[in-house]
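Encoded as structure tokens, the structure appears first; notes follow it.
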Amino acid sequence: MEIKKKLIKGESLNNDETFYFSDFEKYLANYFQRLPDEEKQKYDLMKEEWNRNLLNKDAQSAIDTSQNTFQWKTRDRFNSAAFGIYYGVSLGTMANLSSTSSFGLSLITGGLMLLGPALNPKRFKGISRTTIEAQSTGRLLGLGYGAGLGLALVGINPQSEKVIFPLSSLGSIILGEIGFQYQKRRKIGAGEIGLMGHYGTLVPLAGISLLAAGQGIESRSYGLMIFGAGIGGLLIGRKISKSYSFTCGDVDAISSLAWILVGLGFTAVAATLENNNNPSTGLNLIPAGAAILGTLIGQRQVKNARLTDQQGSTMDLASAGAALVGLGIAVAAKFESPTPILGLPTALALITHQLLLSNFKMKNLKLRSGLIKKENFKFSMNLNPENYFIGKKMGQVRNLNFLSPQVQNPVFNLRLTF
């Protein structure tokens, strides 16, 4: 039933669901071939009416799902208002308005963003939770990419904010709209959206770290790196998600592991600074390299895990909780060195993350293993006592008329498929 609902909504199926649906279709086709001719004729007569009723029911179900299931949550209202306020501030900066006028304009634009679904309900018809997630991800990334483009064009000067802020808002609006419309029409998986957002953030940060390791790099180079590496990160995330269908829970686990290893990278930097009076200028590459390493390790670890949304968010929450506990212990112990203050929370978060990942992965593998065994090995038995009496009568007829023996229908039908 859940697979049918996904197909009605136009959502993509994961590998397990696709396998199950294909196997079920084969089972129905084989079942139809075994039906008597009389039953097949009845099916052909009723098929048109059944299809008509089913289409009407599915259409109504799709309407009900799109109009009644989706609802705006608190975070949606907050995000819309926050982006609208930022757009208003950017517009006020470009128009050189006073602080009071700019503040009033930002409130107006924030309110208009919240009024959007009421003013233009047709635009939001048939959307799902992933549609809003794609829009929010695009808006957030667009802020950085637009600002990077503005920085690449004008650099840093007293008038640069009049270019950087508006381009940042423009990039946010454009990329958010692209994500909204693309997801509304194509309906890609939530895992693919999350992975594109992760790489769209990771690659520019790694590029900035690489530039910072050099000396005398002009500010425009940083802006160009943010813009170019950001677009490249989105393409990389999309390509990787096409090679393997990550779930939203998988992406949560990958992202949390990457940030945990960033903490380890900063711990290594702190330890190096304590023990070296002349540190290398490339120390900032350590956290960036740790983030990339954490991403690659995380992708490898979650292969075949198929983590659910609840499992992925539980890992994020528990890892953050463990880090907070570690920080509390470090503060209570009154460490003077920054190394244990950074290292203890990171170590506890990493241990918690790996323990939960191993536990959830084993549970999911056992569950799918049980389902595969049940689907691949099927045994059925049919009892047909009437065939005994029919065969007995046929035997009497053969004895009276001296007919040759004929094959009788069995009383038991045993069927084993694997």
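Rounded, prolate or oblate: which fits region 232-361 when a ≥ b ≥ c are the square roots of the eigenvalues of the alpha-carbon gyration tensor, with rounded for a/c under 1.5 and prolate only if a/b beats b/c? In terms of gyration-tensor shape, oblate. Summarising the label geometry, the points placed 7 Å from Cα in the beta-carbon direction at Glu17 and Ile108 lie 4.4 nm from one another.
Once the Cβ-Cβ distance of Leu119 and Ile217 is raised to the sixth power relative to R0 = 41 Å, the FRET efficiency obtained is 0.35. The gain in end-to-end length when the Glu274 to Leu153 segment is fully stretched comes to 39.6 nm, 0.36 nm per residue minus the alpha carbon separation. With the highest mean first, a sort of the peptides 284-295, 314-325 on other beta-carbon atoms found within 10 angstrom per residue produces 284-295, 314-325.
Maximal additional length on extending the Arg34-Ser99 stretch stands at 15.5 nm, based on 0.36 nm per residue less the C-alpha distance.
Checking the cross-link pairs Lys40/Lys184; Lys239/Lys361; Lys303/Lys334; Lys73/Lys366 against a 30 Å limit on the alpha carbon distance flags Lys40/Lys184; Lys303/Lys334; Lys73/Lys366 as lying beyond it.
Placing dummy labels 7 Å off each Cα toward the beta-carbon, the span from Tyr43 to Glu336 is 8.4 nm.
Stretching Ile297 away from Met362 to a fully extended chain increases their span by 21.6 nm, per 0.36 nm per residue minus the current alpha-carbon distance.
With an a/c value of 1.5 or above and a/b not larger than b/c for the gyration tensor axes a ≥ b ≥ c computed over the alpha-carbon atoms, region 205-276 is described as oblate. Of the peptides 93-101, 357-365, 185-193, 165-173, the ranking by mean beta-carbon count within 10 Å, highest at the top, reads 165-173, 185-193, 357-365, 93-101.
Readers should treat all values here as calculations from the given coordinates under stated rules, not as data from a laboratory. These numbers come from a predicted model, not from an experiment. All Cβ positions, even for glycine, are placed from backbone atoms using ideal geometry, and neighbour counts span all protein chains on display.
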